[in-house]
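**Q** First the structure, which I've put down as structure tokens, then a few questions once you've had a look.
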Amino acid sequence: MKLAISYFYKIRFFQPWMIPISTAAWDPKYYHDNKGKDYLFIDKRGVINGYRYEALAPGPDCVGLCGGPSQCSSDPSTCKFLSTYRRQLEKIDFDEFIHNLQALETALKARDSSLPQDLIFVLMVYEPPYKACSERGSIQNWVRSHGWECDELIDFT
């Protein structure tokens with residue numbers, strides 16, 4: 001199992017062994033085929049859409065802390081939203097997070113034997129990598145602090 005990070009726009013380029021996992025407070029409607037946040041579906045390319053990891057979504061303490069681009073200093077180190085979000089991530093049991101993904105990987109492989117040995121679980125955010133104000137950096141730092149890689153997913157083949 002591998003971990004990576006990307007943003008929702010890029011799902012259109014995913015392959016079936018790339019499993020998007022939403023970290024968003026609100027997913028795009030297409031991510032659940034317009035059928036509600038608990039709906040999973042396999043798109044026409046065989047990519048499973050609709051998985052979420054609720055503990056990674058910005059929680060209630062983050063509400064109202066981001067004023068959007070007009071009020072942003074563009075310095076993530078001074079952002080109240082991102083510092084609160086980092087504290088939220090630190091409370092997550094990382095071993096349980098990995099165990100849950102491993103269980104999902106086992107279930108997906110049992111369902112589809114054509115999947116490769118290592119699936120890539122891709123943690124999804126809204127912002128592209130060139131936007132400094134995103135949960136991306138916080139998530140990557142959290143994963144890396146536990147000895148795992150979590151680079152931007154670039155290769156879509």
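The values are calculated or read from the model by the stated rules, or taken from the named source; none is laboratory data. All values derive from a computational prediction rather than experimental measurement. A quick note on method: Cβ atoms are made from the backbone with ideal geometry, for glycine too, and the neighbour counts reach across all protein chains shown. Note: accessible area is taken over every heavy atom of the protein model, side chains too, but ligands, DNA and RNA are not part of it. Shrake-Rupley method; radii C 1.70, N 1.55, O 1.52, S 1.80 Å.
**Q** In whole Hz and in residue order, list the ³J(HN,Hα) couplings for segment 138-152 that follow from phi through the Karplus curve 6.51 cos²θ - 1.76 cosθ + 1.60, θ = phi - 60°; x for Gly and Pro.
**A** Along segment 138-152, the couplings run 5, 5, 4, 5, 4, 5, 5, 5, 9, x, 10, 8, 7, 8, 5 Hz.
**Q** Within 10 Å of each candidate Cβ there may be at most 15 other Cβ atoms; applying that plus a DSSP loop requirement, which trypsin sites (Lys or Arg not before Pro) in segment 4-55 survive?
**A** Qualifying residues, ordered by number: 35, 37, 44, 45.
**Q** If you add up the charges near residue 31, with Lys and Arg at +1 and Asp and Glu at -1, over every other residue whose beta carbon is less than 13 angstrom from its beta carbon, what do you get?
**A** +2
**Q** Still on this model: Angle between the Cα long axis of helix 80-90 and the longest principal axis of the chain, 0 to 90 degrees, nearest 10?
**A** It is inclined by approximately 50 degrees.
**Q** So, one more: Please state the charge dipole magnitude for segment 1-92, taken about the Cα centre, from unit charges on C-beta atoms (+1 on K and R, -1 on D and E), reported in debye and rounded to the nearest 20.
**A** That gives a dipole near 220 debye.
**Q** Rounded to a whole number, what is D in µm²/s for segment 73-157 from Stokes-Einstein with the Kirkwood radius over alpha-carbon pairs (20 °C, 1.002 mPa s)?
**A** D = 145 µm²/s.
**Q** Still on this structure, please answer the following. Take the Cα coordinates of segment 1-153, assign each an equal point scatterer, and use the Debye formula without solvent to give log10 I(q)/I(0) at q = 0.08, 0.15, 0.18 Å⁻¹.
**A** Log10 of I(q)/I(0), two decimals: -0.22, -0.80, -1.14.
**Q** Okay, next question. I'd like the FRET efficiency for residue 26 and residue 103, computed as 1/(1 + (r/R0)^6) with the beta carbon distance as r and R0 of 25 Å, rounded to 0.05.
**A** On the way: r = 26 Å, r/R0 = 1.03.
For R0 = 25 Å, the calculated efficiency reads 0.45.
**Q** Then there's this: Amide H neighbours of residue 119 under 5 Å, at least 5 residues apart or on other chains, H built in the peptide plane: list them.
**A** 2
**Q** Provide the net charge surrounding residue 4, with neighbours chosen by a C-beta distance below 15 Å and charges set as Lys +1, Arg +1, Asp -1, Glu -1.
**A** Spelling it out: positives minus negatives among the neighbours equals -3.
**Q** Quick one: grab the alpha carbon gyration tensor of segment 1-49, order the square roots of its eigenvalues as a ≥ b ≥ c, and give me rounded if a/c is under 1.5, else prolate or oblate depending on whether a/b is larger than b/c.
**A** It is oblate, given that a/c is not under 1.5 and a/b is not larger than b/c.
**Q** Under a 5 Å amide H to amide H cut-off, with H placed in plane at 1.01 Å, what residues pair with residue 7 once short-range neighbours are removed?
**A** So residue 7 has HN proximity to 125.
**Q** I've got another one for you. When the Karplus curve 6.51 cos²θ - 1.76 cosθ + 1.60 is applied with θ = phi - 60°, which whole-Hz ³J(HN,Hα) does each residue of segment 96-109 get, with x for Gly and Pro?
**A** 5, 4, 5, 4, 4, 5, 5, 5, 5, 4, 4, 5, 5, 5
**Q** For segment 33-157, what relative contact order do you get, as a whole percent, if you take Cα pairs closer than 8 Å and at least 6 residues apart?
**A** Contact order relative to length: 19 percent.
**Q** Let me ask something else about it. Accessible area per residue of segment 1-113 at 1.4 Å probe, in Å²?
**A** Per-residue value: 58 Å².
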